[in-house]
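Below: one structure, written as structure tokens.
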């Protein structure tokens with residue numbers, strides 16, 4: 001799993017960190033700088049994913065694909081891999097958001113054939 005995430009990070013140099021996180025917040029694999037607490041990232045991703053899935057379902061009657069948060073340091077992008085896990089990516093402030101989302105979508109398409117779960121969308 002580490003090698004798979006490393007490939008994603010290398011495919012798009014604007015990505016600073018990436019992690020595969022279960023819906024309950026367990027970090028399955030990650031490539032993170034030492035300044036990021038893996039457990040905190042896992043729990044925050046689970047919380048954000050949970051509220052985003054419910055909001056998408058209840059407000060727009062659709063299935064969540066991606067959550068994008070922009071802050072002063074850059075972007076937090078959470079993409080649902082399947083019903084069991086999400087991919088969280090952290091990117092720099094001046095990153096090309098289109099390039100990152102395309103890299104994530106390409107990665108998700110490739111990996112959905114690898115994981116033993118059905119895709120969520």
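Quick note: the coordinates plus some simple rules give every number you see, no bench work behind them. On a predicted model such as this, the values are computed, not experimentally measured, just so you know. Positions of Cβ are backbone-derived with ideal geometry, glycine not excepted, and every protein chain shown enters the neighbour counts.
I want to verify a result. In a Gaussian network model of the chain, Cα cutoff 10 Å, which of these has the top mean-square fluctuation: 79, 60, 22?
Evaluated over the chain, the most mobile residue of the options is 60.
Between residue 84 and residue 56, what length in nm is gained on full extension when 0.36 nm per residue of separation is reduced by their alpha carbon distance? Walk me through the numbers before you get to the answer.
Numbers: separation 28, 0.36 × 28 = 10.08 nm, distance 1.71 nm.
Stretched fully, the residue 84-residue 56 segment lengthens by 8.4 nm.
Among 81, 89, 67, whose mean-square fluctuation peaks in a Gaussian network model of the chain (Cα, cutoff 10 Å)?
67
Would you kindly give the portion of the calculated P(r) for the chain that falls above 20 Å, as a percent of all Cα pairs?
37
Where in segment 10-33 does the label zone of residue 110 land, with the point 7 angstrom along Cα→C-beta and an amide N cut-off under 19 Å?
Answer for segment 10-33: 10-21, 29-32.
What whole-number distance in Å separates the alpha-carbon centres of segment 73-100 and segment 3-50?
The two parts, judged by their Cα centres, are 9 Å apart.
Restricting to Cα pairs below 8 Å that are 6+ residues apart, what does the relative contact order work out to for the chain? Please round to a whole percent.
It rounds to 26 percent for the chain.
Given 0.36 nm per residue, what is the gain on full extension from residue 96 to residue 40 after removing their alpha carbon distance, in nm?
Gain in length upon complete extension: 17.6 nm.
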